[in-house]
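Visitor: Take this structure, written in structure tokens, and hold onto it; I'll ask about it next.
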Amino acid sequence: MSTTGRNCRGCRFSRWRTRTEDRDLTIRRTRARFDKEAPSTPYDVKIVTKNGNVKWVELCAQNLELHGKSVILGTAVDITARKKSEAALNCSEERFRAFTENSPVMIYTYDSRGYFTYANKLCEKATGYARENLLKMHFSALLDDADKEIGRQQAVARFATSEQIPSWDCLICRKDGTRRRWELSGIRLEDDHGEPMILGNAIDITDRFAAEQALKKTKLSLRDEQEQLLTTLRSIGDAVVTTDLEGRVVLLNRVAEKLTGWSQNEARGRRIGEVLELVRGHSAENAAHPLAQAIQGVVLEPEEDTILRSRRGQPL
């Protein structure tokens with residue numbers, strides 16, 4: 001989109017330049033996603049890049065929890081070429097082929113029997129098969145054995161309706177035996193003889209899929225580490241209190257619960273100064289809190305006559 005990650009960071013993605021209806025859609029989907037009500041199916045929106053170009057992107061997201069906070073992992077795939085290829089069928093066969101042969105995505109068609117009737121140059125490169133060989137093949141011949149049945153179901157579903165059906169991903173077996181993960185999409189159209197056909201396109205998402213799997217493993221690892229840390233902190237013989245960066249209590253171990261009079265559930269989310277109340281011994285006035293200052297990067301030693309007062313007001 002001609003915008004660096006640094007420029008995008010901290011910017012609401014709904015403020016990307018989009019059509020009003022697309023912006024409203026992304027806002028609704030985001031709110032529903034945080035409420036865990038949004039479907040996991042991808043959806044398409046049109047955006048305007050920094051340099052003024054119009055692009056179609058396919059958005060998909062999933063909920064994650066990172067460092068105790070709910071976040072959304074989103075992916076955006078440029079499907080401008082896909083949209084153009086679908087629109088190109090309204091043009092002449094010559095213009096269609098001129099476009100698809102230079103398309104950055106794989107474009108193909110297959111008939112009601114499932115046999116390829118067209119494949120662009122990128123299909124040849126991605127599969128390792130020459131075009132004349134592809135045009136003799138059933139589309140399922142490229143699918144990994146584990147994905148053949150779902151591939152058949154996807155084809156049946158697409159022939160049953162002219163509406164857009166969500167894309168799906170599968171493992172593709174190249175001629176040399178290697179496997180790649182593709183994201184496939186297709187729509188039912190009619191050929192020059194009025195017979196149904198599928199115009200499909202494919203994107204190699206092997207690297208993206210690997211990155212998503214790595215992120216999921218990292219998430220599980222972080223969760224395990226967090227559970228181990230919490231178990232350790234809860235079992236330490238000294239009083240331990242942890243807070244977030246806003247100074248709100250995240251954890252009290254059992255010793256701290258007994259010392260302050262606050263339970264873990266009662267204290268969670270409260271300001272540190274409310275749970276660990278420090279007062280000056282000679283005046284009983286609230287004293288500056290070292291933990292609150294430490295969050296702001298200021299190292300502050302407690303005053304000599306500082307007293308910790310329990311929830312019941314008893315000095316400790």
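The values are calculated or read from the model by the stated rules, or taken from the named source; none is laboratory data. Computed from a predicted structure; not experimentally measured. All Cβ positions, even for glycine, are placed from backbone atoms using ideal geometry, and neighbour counts span all protein chains on display.
Visitor: If you check every pair at least six apart or on different chains, which have Cβ atoms under 7 Å apart with a residue in the range 63-85 that is in contact (Cβ under 8 Å) with a residue 60 or more places away in the chain and surrounded by fewer than 17 Cβ atoms within 10 Å (Cβ to Cβ) first and a residue that is in a strand (DSSP E or B) and among the small types (Gly, Ala, Ser) second?
Guide: The qualifying pairs are Leu73/Ala61; Gly74/Ala61.
Visitor: Return the residues of the range 152-182 that are closer than 12 Å to Phe139 by Cβ and basic (Lys, Arg); say none if nothing qualifies.
Guide: Arg152, Arg158
Visitor: Show me the helices (runs of 4 or more DSSP H) entirely contained within the range 250-289 in which 3 or more residues are at pLDDT 80 or above.
Guide: Once the helices (runs of 4 or more DSSP H) in the range 250-289 are filtered for at least 3 residues that are at pLDDT 80 or above, what remains is 254-260, 264-267.
Visitor: Where the second residue is surrounded by 11 or more Cβ atoms within 10 Å (Cβ to Cβ) and of a type in the set (Gly, Ala, Ser) and the first is within 16 Å of Glu183 (Cα to Cα) and lies in the range 142-162, which pairs have Cβ atoms under 7 Å and are six or more apart or on separate chains?
Guide: Leu143/Gly151; Lys148/Ser140; Gly151/Ser140; Arg152/Ser140; Ala155/Gly114; Arg158/Gly186
Visitor: Output the number of the condition that Ser162 fails; it satisfies all remaining conditions of (1) out of contact with any strand residue (DSSP E or B) (no Cβ under 7 Å at 6 or more places or on another chain); (2) modelled with pLDDT under 90; (3) among the small types (Gly, Ala, Ser).
Guide: (1)
Visitor: With the condition kept exactly as written, say whether any residue in the range 232-251 is surrounded by fewer than 15 Cβ atoms within 10 Å (Cβ to Cβ), polar (S, T, N, Q) and either on the phi > 0 side of the Ramachandran plot or out of contact with any strand residue (DSSP E or B) (no Cβ under 6 Å at 6 or more places or on another chain) (or both).
Guide: yes
Visitor: Before we move on, is Cys60 within 16 Å of Lys175 (Cβ to Cβ), out of contact with any Cys (no Cβ under 8 Å at 6 or more places or on another chain) and either among the hydrophobic types (A, V, I, L, M, F, W, C) or assigned to a helix (DSSP H, G or I) (or both)?
Guide: no
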